[in-house]
Every structure is written in structure tokens, then in C-alpha cells.
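Okay, structure first, notes after.
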Amino acid sequence: MTARCVMVLGTTSGAGKSWLTTALCRHYARQGLKVAPFKAQNMSNNARVVAPTLHRSRGSLPPEGADFPWGGPAENRSLGGEIGSAQYFQSLAARAEPEVRMNPLLLKPEADTRSQVVLMGQVNEALSNMPWRGRSLHVWPQIAAALDALREENDVVVIEGAGSPAEINLHASDIVNMRVALHAQARCLLVSDIDRGGAFAHLYGTWALLPAEERALIHGFVLNKFRGDASLLAPAPQMLQDLTGVPTVATLPMWWQHGLPEEDGVFDDRTRASGAVSKTVAVIAYPRISNLDEFQPLKNVPGVRLVWARAPADCAGADWIVLPGSKATAADLAWLRTQGLDRAIAAHAAQGGAVLGVCGGLQMLGEALIDTHGIDGNAPGLGLLPLVTQFDQQKTVRHTHTTFGYLHGAWAALSGVAAAGYEIHHGQTAQHPAMAAGGDIAREVLPDGLGWQNAAGNVLGVYLHGLFEDPRVLHALFGATAPTLETVFNGLADFIDTHFEPGVLDQLIAP
């Protein structure tokens with residue numbers, strides 16, 4: 001089979017590409033079609049672990065004779081590893097097994113001018129050290145081969161673009177937007193966030209900056225996040241169609257709680273709770289926060305108020321303070337101190353307040369970060385757990401199933417609870433020997449160094465991502481559950497079924 005390809009482009013980042021792609025994946029999967037998502041290049045510190053695929057297409061291997069250090073013979077390399085969280089959720093919406101071909105290139109920003117490059121699920125140092133514009137020549141064959149393999153194996157491939165396709169300074173080296181669209185001859189939707197204003201100008205300007213052969217692939221405009229009376233939009237959609245020949249095929253109302261996390265960062269800073277607030281959870285939003293999507297279920301737990309904290313005042317009144325993952329632990333720890341958040345966290349802990357560190361957050365809670373390989377940086381920790389982290393060149397990337405041992409104090413509810421999640425980290429953390437000899441001991445509450453608790457019981461650090469996505473953990477901590485992903489995906493599909501013009505979604509995949 002050769003899949004029909006539908007592509008979702010945006011006039012800007014945050015326009016709504018990711019959730020619309022997810023909705024389309026479930027829409028077509030509900031028709032009994034075999035569906036896969038695809039995003040050629042994703043820039044995000046929100047990543048998920050995927051297992052090696054059980055089948056291998058020749059198209060997914062490096063080109064023969066490639067002038068690039070691919071890291072060993074292709075036949076010996078695993079196709080498991082990391083992909084962007086958005087493609088992970090999209091694959092679940094498509095009822096497909098998540099795999100690296102769905103996001104062949106993942107860029108994980110470590111600083112404003114540097115990213116760790118993950119190619120086909122694996123960290124690639126040579127690409128990470130290569131200038132941005134120089135990468136496209138080396139990675140495009142791999143991207144095209146991954147897409148072609150998915151097209152061969154599916155009825156529909158739903159493709160997500162990145163940023164805007166009209167970034168004319170990047171057009172010559174494009175490997176994620178219109179080059180992909182042309183390669184797949186995809187039928188494209190162009191989405192604009194009308195809530196930010198200027199949507200019609202964004203749509204027209206994006207269309208106008210594309211070459212004619214690329215304009216021809218735009219089959220519909222989508223207005224997203226609309227609030228108000230849709231009849232007031234007239235006559236603008238028809239005027240836009242007169243100028244471009246492209247119809248506006250959907251006006252999507254503002255939807256605050258569709259159930260999916262933001263892909264790229266904390267776009268929505270509003271703090272909401274379902275019903276009366278019984279617990280406030282402040283998550284420290286440092287600049288290189290990673291895997292923030294794992295906290296999405298907290299937004300849906302009745303009585304829980306989630307706050308993204310960037311200043312000490314944001315932590316005031318919090319029941320829990322959470323230090324999430326970080327792609328640059330030492331740098332984010334320095335930022336945290338500059339903001340005065342270290343003092344706020346220490347004061348909260350000293351008063352018996354609950355503190356949770358996840359992955360990079362666990363590392364920050366310790367005594368020191370030791371980096372002899374130049375991976376992240378050396379730094380003193382916050383000293384709330386008597387632990388030391390050493391950064392290793394080898395990256396741990398795996399799914400993990402484990403069970404909590406005995407916990408006391410604030411986290412006692414987790415005692416004996418089984419949990420499933422994933423690990424993505426360079427650091428290896430252990431008890432500080434000198435402090436242990438002096439009687440300051442951290443109790444290991446998860447096996448293999450995955451989790452530690454302080455003597456007082458209110459500070460907990462774990463390497464396991466995805467705790468709040470496990471219904472057993474949610475029930476233990478809150479006595480409640482959040483909507484399942486199946487409920488979220490079907491809700492997304494119902495939403496677009498209601499708000500797209502009749503027949504449009506079928507026309508996008510018609511022969």
C-alpha cells in the first residue's frame with residue numbers, strides 16, 4: 001500500500017498543529033484505516049521512550065556509502081530510543097505502536113545556540129556538533145526513507161509541520177515543512193491561532209511567501225481558538241478564498257481542556273482546578289524544563305490546582321513543590337538560585353512541606369553534580385537529599401516497571417504501589433558516603449537507585465518519568481483518576497468531526 005498523506009502546517013508555533021494532528025490520527029483510525037503519524041524534525045525537550053520495532057524496512061537504514069559517522073553498522077543498531085512526546089501521543093491516537101520512524105530527528109535544546117541531536121532514536125554527537133544549516137544534507141535521506149517506509153505500510157500518514165513553512169530564511173535547508181509535503185504530495189491544512197489576532201494576515205502572508213508548487217498543496221485554512229460569534233468573521237473567509245483559491249474549512253472554538261499537554265512549553269499559564277481546590281502543586285518552570293507533559297494529568301484531577309512557578313511568590317501556599325526534569329540541570333539550577341527559588345524550596349521543606357524531584361529535579365535536590373565528561377556541568381546541589389550525581393557519557397533510555405518500597409511522612413501513600421514509566425538521563429545518583437557516615441541517610445524507596453526519600457519523609461526524588469500518568473499512582477496520592485487517553489483521543493476526533501465543513505476530512509484522503 002502507499003498511504004495518502006495529510007499534513008498540518010501552522011502560521012506560527014503554538015497555532016494548534018500538534019493537537020489537530022492527533023485528532024486527525026484518531027479520526028482516520030476510527031474509520032478502520034491503518035494510520036501513522038510523522039514529524040520529520042521536532043525541537044522539544046518533551047520526549048518519550050519507544051521500544052525497537054519488530055519489523056525493519058530497508059528504507060529506515062542509512063544510505064549505503066553515507067559520508068557520515070552513523071555509529072556502527074546499521075544492522076547492529078537498535079531502532080528504539082527517543083521520539084518527541086507529541087508523536088508518541090499521536091501514534092497512540094492512531095492505534096499504532098510508537099516508533100522512531102515517526103519522528104526521525106529530535107532536537108533537544110540545551111542552550112539558546114546548542115541542541116542535542118537525536119537521530120532515529122539515538123543521540124548523535126557528530127550531528128550535535130554540526131552547524132544547523134549543515135545538517136539537512138546529511139539527515140534528509142534518513143528522513144525521506146523513514147517517511148517512505150511508513151507510507152508503504154499504512155493507509156494514511158498524518159504529517160505535522162514545525163513552526164511556519166514560510167520562514168524564508170530557512171527555506172533552502174527545509175527538511176520538516178514543504179520539502180516533506182512535496183516529497184509525500186501531501187494535502188495540507190494551514191492553521192492559524194485567531195485568538196492572538198492577525199489570523200487572516202498570517203494565513204495570506206504564509207500562502208503568499210510559498211512558491212507556486214507549494215501553494216498548490218494547501219487545501220484548506222483552519223482558524224483555531226475562536227471565541228465569539230462566528231458569523232462576525234464574514235466576509236473575511238470568502239475574501240481570503242478569492243485572493244488565494246483556498247477555502248477556510250474549519251473554525252474551531254477555543255477549547256481550554258482538550259486533555260493533551262502543550263508540546264513545546266508552558267503556553268497556558270492559567271491555574272485552574274476542577275471544583276474546590278484541596279491541593280496546590282507548584283511545578284518549577286525553569287528555562288530548560290523537560291518532559292513537562294507528564295504533569296498534564298494533574299490538570300484533570302478534581303481539586304488539584306497546578307501552578308507553573310518562576311518566582312518565589314508562585315510557590316506561596318503550595319502544598320507540594322515539584323522540581324521536574326531538565327535538559328540542562330546545572331544551568332537550570334543556577335537560574336533557580338538567581339530567581340531566589342532555592343530559598344523558597346528550602347523554606348518549604350524546612351516547614352515540612354512536600355517536595356518532589358523528578359530526574360533532573362532529583363539531581364538538583366542532592367549535594368552535588370559532578371561532570372567529568374562535559375555533558376552538563378558541575379554544580380552544588382540544594383542539599384535536601386544526601387546524594388551525589390555523576391554524569392555518564394552513556395545515556396539511560398528505557399521503559400521501567402517498578403514498585404515503591406516503604407515510605408513515610410508526606411509520601412507514605414506510595415508505599416507498596418506498583419508504577420510504570422520511563423527513564424531518560426545521563427546522571428547516575430548514589431548516597432553521599434561522607435554524609436551517610438555522619439548519620440544523614442537517604443532511604444532508597446525504589447530499587448536500582450531510582451528513588452530516594454529523606455529522613456523526615458517530606459522530600460522525595462525519583463528518576464522515573466510518568467508517575468502521574470499511572471492510574472495506580474494517581475489513585476494512591478489523590479484517591480481519584482484522570483480521563484484516560486482513549487477518552488481524550490475520541491474527544492478530539494468528535495471535536496473536529498463537529499467543526500470541520502462536511503466532507504472535508506474525507507476529501508483530504510480521497511484518491
Shape call, segment 363-455: gyration tensor on alpha carbons, a/c limit 1.5: oblate
Solvent-accessible area of Tyr406, probe 1.4 Å, all protein chains present, reported in Å² to the nearest ten, please. 140
Which residues' amide hydrogens lie under 5 Å from the amide hydrogen of His258, considering only partners 5 or more residues apart or on another chain, with H built in the peptide plane? none
Kindly sort Ile509, Ile441 by accessible area of their heavy atoms, largest first, with the probe set to 1.4 Å. Ile441, Ile509
Report the antiparallel proportion of the DSSP beta bridges in segment 312-469 as a percent, rounded to a multiple of 5. 65
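With a/c under 1.5 counting as rounded, go ahead and sort segment 134-192 into rounded, prolate or oblate using the C-alpha gyration tensor (a ≥ b ≥ c being the square roots of the eigenvalues; past the cut-off, prolate if a/b is larger than b/c, else oblate).
Note, shape of segment 134-192 comes out oblate.
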May I ask for the Kirkwood hydrodynamic radius of segment 295-445, worked out over all distinct Cα pairs and given in angstroms to one decimal? 16.6
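By how many nm would the segment from Trp256 to Ser13 grow when fully extended, if each residue of separation counts as 0.36 nm and the alpha-carbon distance is taken off?
Additional length available on full extension: 85.7 nm.
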Taking just the alpha-carbon atoms of the chain, what radius of gyration and Dmax come out, in angstrom? 23.4, 78
Give the Kirkwood hydrodynamic radius (Å, one decimal) of segment 182-235, defined as one over the mean of 1/r across all pairs of different Cα atoms. 12.3
Students often forget the sequence filter, so: which lysines lie under 22 Å Cα-Cα from Lys108 once same-chain residues fewer than 8 apart are removed? Lys17, Lys39, Lys327, Lys395
Find the relative contact order for segment 339-468 and round it to a whole percent, using C-alpha pairs within less than 8 Å whose residues are 6+ positions apart. 27
With 10 Å bins from 0: P(r) over segment 313-363, alpha-carbon pairs, percent: 26, 58, 17
Which shape class, rounded, prolate or oblate, goes with segment 275-321 when its Cα gyration tensor gives a ≥ b ≥ c as root eigenvalues, a/c under 1.5 marks rounded, and past that a/b bigger than b/c marks prolate? oblate
Translational diffusion of segment 357-511, µm² s⁻¹ [Kirkwood Rh, Cα pairs; Stokes-Einstein; 10 °C; 1.306 mPa s]: 89
Give me the accessible area of Thr12, 1.4 Å probe, in Å² rounded to the nearest 10. 40
In a Debye calculation with equal point scatterers on the alpha-carbon sites of segment 85-236 and no solvent, what is log10 I(q)/I(0) at q = 0.11, 0.15 Å⁻¹? -0.53, -0.95
Area accessible to solvent at Glu125, 1.4 Å probe radius, in Å²: 110
The distance between the Cα centres of segment 440-511 and segment 217-247, in whole Å, is 35
Estimated distance in nm for a label pair at Glu501 and Ala126, the labels positioned 7 Å out from Cα along Cα-to-Cβ: 4.9
Length-normalised contact order of the chain, Cα under 8 Å, at least 6 apart, in percent, tallies to 15
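The values are calculated or read from the model by the stated rules, or taken from the named source; none is laboratory data. Nothing here was measured: the structure is a model prediction, and the numbers come from that model. When we count neighbours, we look across all protein chains shown, and the Cβ atoms used for this are built from the backbone with ideal geometry, even at glycine. Quick note on the areas: whole protein, heavy atoms, side chains included, nothing else; ligands and nucleic acids left out. Shrake-Rupley method; radii C 1.70, N 1.55, O 1.52, S 1.80 Å.
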